[in-house]
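Q: Dropping a structure here in structure tokens format, bear with me for questions.
The values are calculated or read from the model by the stated rules, or taken from the named source; none is laboratory data. Every value quoted in this text rests on a predicted model; they were computed, and no experiment measured them. A quick note on method: Cβ atoms are made from the backbone with ideal geometry, for glycine too, and the neighbour counts reach across all protein chains shown. The area values use the complete protein model at the heavy-atom level, side chains included, leaving out ligands, DNA and RNA. Shrake-Rupley method; radii C 1.70, N 1.55, O 1.52, S 1.80 Å.
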There are 2 protein chains.
Amino acid sequence: MLAKKTKYGIKALTYLCSRSNNGPIPISVIAEAENISHKFLESILLTLKKGGILTSKKGKNGGYYFLKNPKDIPMAEIIRLLSGPIAMVPCVSLNFYEKCDDCPDEATCGINRLMLEVRDSTLKVLKQKSLYQLTQEINK
Amino acid sequence: MLAKKTKYGIKALTYLCSRSNNGPIPISVIAEAENISHKFLESILLTLKKGGILTSKKGKNGGYYFLKNPKDIPMAEIIRLLSGPIAMVPCVSLNFYEKCDDCPDEATCGINRLMLEVRDSTLKVLKQKSLYQLTQEINK
DNA sequence: TGTAAACCCTACTAAACCGATAGGATATAT
DNA sequence: ATATATCCTATCGGTTTAGTAGGGTTTACA
């Protein structure tokens, strides 16, 4: 299941995306519009900033805005940033690979193969859809 | 990420599947063969019994064996039993549907649509592969 | 140059979940 | 009877999650 952190993050991003070109948008505005705890959202946006998706301006009239073009941000990137690996087992993760501690041999592991297939099909969906596309769908 | 409960469950099932036709197999044998804590495995197998996949015989020479034919058990069914919903948000779950508490309208929710696609592609993989198939792959 | 607005950072907490353990109740083959 | 095995309930330490608290830093602007 998606953690609230991830859900909130996506909602904040689509909100930002739908009202871009108006300069930085403060946390408080996003929090109110999307019904998210201000402080919690603060930490989420910080993660997105460190991940290179957003950037911010401090002080009066400050706020958050895009560093990357939403058309160039696949949903897979957002979800990885906010919830970590997309794969269901570490041994098939592209970005967070780790050997399963309890598995003697990956090459003959049925779970490994199955989850590899699942990862591929999931990733296909999440890489092909950009944040911009998602936002467009909402507003039609 | 897959919980250990699920991983252990699948491993136990593939083990059972690969040495079927020899009558009931006790927990202790499976636990040792697959390196799983005996007590933990106990609760897992109980779940699989309640879910209609396995059944058991008590007392001496007792143990667990299949109620359903492994060829008729899609991996999706096993994973649902052991870890619950396959969907990443409750509002797109087929078997565990729930309205998202923070979502005003599903019809216009971008996350809903995206996760619907993800669910479909994941399910396609998990429904088409049976426990029997998985076991075969391991042993070749 | 003072001040309000806004981001930045660390620490904390309550609740839930996870993996594992403990101990006994129940059933059964011999 | 007794040994063997499943069944059931309860508990526990550790981790994660969602949210809160409080203060530090930067900046626009009067």
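Q: Between residue A:21 and residue A:58, what is the spin-label point distance in nm, taking each point 7 Å from the Cα along the Cα→C-beta axis?
A: 3.1 nm
Q: At a 1.4 Å probe, what is the % contribution of carbon and sulfur to the accessible area of the protein assembly as shown?
A: C and S fraction of accessible area: 51 percent.
Q: Any idea what the relative contact order of region B:14-140 is, in percent, if you count C-alpha pairs under 8 Å spaced at least 6 apart?
A: Across region B:14-140, relative contact order equals 26 percent.
Q: Quick check on the protein assembly as shown: what does the Kirkwood estimate of hydrodynamic radius come out to from the alpha carbon pairs, in Å?
A: Result for the protein assembly as shown, one decimal place: 20.8 Å.
Q: I'd like the distance between the alpha-carbon centres of region A:66-83 and region B:53-121, rounded to an integer number of Å.
A: Using only Cα atoms, the two centres lie 28 Å from each other.
Q: Still on this structure, please answer the following. Put +1 on the Cβ of every Lys and Arg and -1 on every Asp and Glu Cβ in the protein assembly as shown; which of A:118, B:16, B:46 then has its Cα farthest towards the positive end of the dipole?
A: B:46
Q: Would you mind estimating how fast region A:1-67 diffuses translationally, via Stokes-Einstein at 20 °C and 1.002 mPa s with the Kirkwood radius over Cα pairs, in µm²/s?
A: Here the translational diffusion coefficient equals 182 µm²/s.
Q: How big is the B/A interface in buried accessible area, both sides summed, 1.4 Å probe, to the nearest 100 Å²?
A: Working: alone 8790 and 8790 Å², together 14250 Å².
Chain pair B/A: roughly 3300 Å² of buried accessible area.
Q: Only Cα pairs within less than 10 Å get springs; with that Gaussian network setup on chain A, which residue of A:67, A:82, A:48 has the largest fluctuation?
A: Most flexible of the set in this elastic network: A:67.
Q: Multiplying the sequence separation of residue B:29 and residue B:107 by 0.36 nm and subtracting their Cα-Cα distance, what value in nm do you get?
A: Full extension of this stretch gives 23.0 nm more.
Q: Quick one: what Rg and Dmax do you get for region B:85-138 from the alpha carbons, in Å?
A: 14.2, 47
Q: Tell me, what is the 1.4 Å probe accessible area of residue B:118, in Å² to the nearest 10?
A: Rounded to the nearest 10, the figure is 10 Å².
Q: Something else: Pop out the ³J(HN,Hα) list for region B:25-31 in order, Karplus 6.51 cos²θ - 1.76 cosθ + 1.60 with θ = phi - 60°, rounded to Hz; leave Gly and Pro as x.
A: 10, x, 3, 4, 5, 5, 4
Q: Still on this structure: Name the trypsin sites (Lys or Arg not before Pro) in region B:60-113 that are in a loop by DSSP and that have at most 15 other C-beta atoms within 10 Å, would you?
A: Within region B:60-113, the qualifying trypsin sites (Lys or Arg not before Pro) (loop, at most 15 other Cβ atoms within 10 Å) are B:60, B:68, B:99.
Q: Would you work out which of B:136, B:103, B:33 lies farthest towards the positive end of the dipole of chain B, given +1 charges on the beta-carbon of Lys and Arg and -1 on that of Asp and Glu, about the Cα centre?
A: Farthest towards the positive pole: B:33.
Q: Starting from the Cα-Cα distance between residue A:40 and residue A:128, subtract it from 0.36 nm times their residue separation and give me the gain in nm to one decimal.
A: 28.8 nm
Q: How about region A:57-140: which GluC sites (Glu not before Pro) there lie in a loop by DSSP and see at most 14 other Cβ atoms within 10 Å?
A: A:98
Q: Mind scanning A:58/A:127; A:7/B:7; B:11/B:50; B:5/B:49; A:7/B:4; A:11/B:5 and naming the pairs with a C-alpha gap bigger than 22 Å?
A: Values: A:58/A:127 32 Å; A:7/B:7 26 Å; B:11/B:50 18 Å; B:5/B:49 14 Å; A:7/B:4 25 Å; A:11/B:5 32 Å.
Over 22 Å Cα-Cα: A:58/A:127; A:7/B:7; A:7/B:4; A:11/B:5.
Q: Moving on to the next point. What fraction, in whole percent, of alpha-carbon pairs in region B:40-127 exceed 19 Å separation?
A: Distances greater than 19 Å cover 51 percent of the Cα pairs.
Q: Which distances, in nm and shortest first, link the residue A:26 label point to the same label point in every other copy, taking 7 Å along Cα→Cβ?
A: 7.0
Q: Pick from A:121, A:18, A:28: which residue has the top mean-square fluctuation in a GNM of chain A where Cα pairs under 10 Å get a spring?
A: A:121
Q: Here's a follow-up. Considering only protein heavy atoms, what per residue accessible area in square angstrom results for chain A with a 1.4 angstrom probe?
A: Numbers: 7120 Å² over 140 residues.
Computed with neighbouring chains in place, this is 51 Å² per residue.
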